[in-house]
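Novice: Pasting in a structure now, in structure tokens, and then I'll have a few things to ask.
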Amino acid sequence: MQCQETTAVAEEEEKGGALMEKKLKKKTLLFLPHELIIQILMRLPVKSLLRFKCVCKLWFSLISNPHFANSHFQLSSATPTRRILLMSSLLPRESRSIDLEAASSLDDYTASVSLNPNFMPFQSYSHIEVKCSCRGFILLHCYSQMMLNIYLWNPSTGFHKKIPLSPFVQHYHDFYGFGYDQSKDDYLLVSLSYHHLEVFSLRANAWEEIVATARLPFGRDDSSAAARPVVELLFNGSIHWMARCRDIYVIHTVIVAFHLTERKLLEIPLPVDINYNSSQCDLWVFKGFLSLWVSGYNTTVDIWVMKEYQVHSSWSKTLVLTNDFFHYISPICCTKRGDIIGKGGGTGTEREFHLSLYTAPLEHNPYSHTARGLVKYNDKGELLDHNPYDHTARGFHLTMYTESLLSLPSDIEQA
Amino acid sequence: MSKTVKDAIETIPTDEINSISLSLVRSEILTKVIEYCKKHNSAQMSDVDLMDWDVEFANVHYTTLFDLVLSANYMNINCLLDLVCGKIADMIKGKTPGEIAKLFDIKDVSTYEEDN
């Protein structure tokens, strides 16, 4: 196609005259080679790329190419644009995606995109929990009449896949995680329950029991907001959980890490003894370090940072956040500017509690997971902004994620 | 990096310079490229100031940007390529597919409707 047009332009060049300059300029544009078009496309946001698929057949094939999706993700994860996905747990279901970098304030609705309900084939589930995310995919637990259905969903592309439940354990799992094994280019779901450690591989499309190297059992504490894995940054290739360990008579809290490539469990001790009766705590990633937040009865939240991974003596308390607006706050992530975004929660409504008993297993604690709004602090711990998104007091779940064009290694694609 | 750029400029024979850019503004493009390289090789500006300067440098018309991207690619100047590709991406990200086709002079606009 390009050759024909070159000839056509060359013919017109012979005519000369005033058209010459315009034609030569056109010639320049035509000569933009594929590798340069790709370089430009690689720097576009996912939303634009999806829209530009229909520019022409060439662009469609360039953008649809899985290698392109990979390269695009690699480039964008150097300076990731973090988004928050909010989804109301109960029906009628609303969901929204907020661009944290674009939002000047938490009220900034120009940075917030309502996810089209038709985009989401999850309207039939009475109760949905947004769990965590990895490489643009969100892990969802969807309940209908006490039955758990697990989905992986890429909200940017609409791709979704249902994950079969583990054949080994019938009950709901205490810990679950979702991550990426770089060595095999595989996505893994990890389930850690009282005596079992299982891994689901997207490539193998099968669950596998793992013989645990660290001691089990680990249990989670329902009264805390814990028992959720660290989102996004699978720290050093491992999924991390907060867990409680029983050591004959003594119960202590510990971080459990599962390395996705080595398939091994290990324990990481906490900086301080945390009294679960009076404190809430959980893990997150702060400025590239594994971090722990702890809140007590008072309105402050302590932020601890592990300066050297797995080195207990490197824990140091770096920041204290004050919370005046919500019942509790928990940090989620940082923006590029270094501001801390947190979720603000309150106690669930009574209606919500009863509904969730009806639709979710008894172990599920409705209070600990639903959020009421977001908060923003600067890196000194000063409150910048807060926004109660949930005016109906129904509560929503949220997770931080980044957009990607990636698809899962599976045979059948549903979109 | 600076040595590569310097070598590239020194080793390009005079008649090859004519074939880098096909438009009538080729001498201007080479001047801009040299200006960029000189600025980035000098240790005078702070990182922040240099970034501001880059933004100003890339604030030009599409045709100039396309010429710059071709030149940066041919002359193997990665930081300039990165800057200009980023600028083009920034300028086109909000456009409609139709506007993109027009800009890149694409003839076979597909009527493919993207599934969403």
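The values are calculated or read from the model by the stated rules, or taken from the named source; none is laboratory data. Being a predicted model, the structure only gives us computed values, none of them experimental. Methodologically, a virtual Cβ is constructed for each residue, glycine included, from the backbone with ideal geometry; neighbour enumeration extends over all protein chains shown.
Novice: Go through the range B:51-71 and report how many residues are within 13 Å of chain A (Cβ to nearest Cβ), crowded, with 17+ Cβ neighbours inside 10 Å and not hydroxyl-bearing (Ser, Thr, Tyr).
Specialist: 7
Novice: Among the listed residues B:Lys87, B:Lys95, identify the single one that is more than 7 Å from chain A (Cβ to nearest Cβ), assigned to a loop (DSSP other than H, G, I, E, B) and at pLDDT 90 or above.
Specialist: After ruling out the rest, the residue left standing is B:Lys95.
Novice: Another question, if that's okay. Does the range A:319-335 include one or more residues that are modelled with pLDDT of 85 or more, part of a loop (DSSP other than H, G, I, E, B) and closer than 26 Å to A:Glu101 by Cβ?
Specialist: yes
Novice: Okay, moving on. Here is a list of conditions, (1) surrounded by 14 or more Cβ atoms within 10 Å (Cβ to Cβ); (2) more than 14 Å from every other protein chain (Cβ to nearest Cβ); (3) under 19 Å from A:Pro155 (Cα atoms), and A:Asp108 meets all of them except one; can you say which number that is?
Specialist: (3)
Novice: Give all pairs with beta carbons closer than 7 Å in which a residue from the range A:124-141 that is assigned to a loop (DSSP other than H, G, I, E, B) meets a residue that is of a type in the set (Phe, Trp, Tyr) and at pLDDT below 90; count only pairs at least 6 apart in sequence or on separate chains.
Specialist: Short answer, once both residue conditions are applied: A:Tyr125/A:Tyr143; A:Ser126/A:Tyr143.
Novice: Just checking, how many residues over the range A:60-101 are under 19 Å from the mean Cα position of the chain (by Cα) and without any contact (Cβ under 8 Å) to a residue 12 or more places away in the chain?
Specialist: Qualifying residue count for the region: 2.
Novice: Given the structure, is B:Ile92 under 26 Å from A:Arg51 (Cβ atoms) and without any contact (Cβ under 8 Å) to a residue 40 or more places away in the chain?
Specialist: Yes, satisfied.
Novice: Please enumerate the residues belonging to the range A:16-64 that are in a helix (DSSP H, G or I) and modelled with pLDDT under 65.
Specialist: Those that are in a helix (DSSP H, G or I) and modelled with pLDDT under 65: A:Leu19, A:Met20, A:Glu21, A:Lys22, A:Lys23, A:Leu24, A:Lys25, A:Lys26, A:Lys27, A:Thr28, A:Leu29, A:Leu30.
Novice: In the set A:Ser166, A:Ser156, which member is more than 21 Å from A:Leu398 (Cβ to Cβ), outside any strand (DSSP E or B) and in contact (Cβ under 8 Å) with a residue 24 or more places away in the chain?
Specialist: One residue alone meets the criteria, A:Ser166.
Novice: Residues in the range A:393-415 that are at pLDDT 90 or above and touching a His at 6+ places or on another chain (Cβ under 7 Å): how many?
Specialist: 1
Novice: Which of the residues spanning the range A:183-205 are at pLDDT 90 or above and part of a loop (DSSP other than H, G, I, E, B)?
Specialist: Within the range A:183-205, A:Ser183, A:Lys184, A:Asp185, A:Leu202, A:Arg203, A:Ala204, A:Asn205 meet the criteria.
Novice: Quick check: anything in the range A:72-92 assigned to a helix (DSSP H, G or I), farther than 24 Å from A:Thr335 by Cβ and within 11 Å of chain B (Cβ to nearest Cβ)?
Specialist: No, because not a single residue in the range A:72-92 is assigned to a helix (DSSP H, G or I), farther than 24 Å from A:Thr335 by Cβ and within 11 Å of chain B (Cβ to nearest Cβ).
Novice: Hey, could you check the range A:34-52 for residues that are over 22 Å from A:Ser97 (Cα atoms) and without any contact (Cβ under 8 Å) to a residue 24 or more places away in the chain and say which is farthest from the other protein chains (Cβ to nearest Cβ)?
Specialist: Here the answer is A:Glu35.
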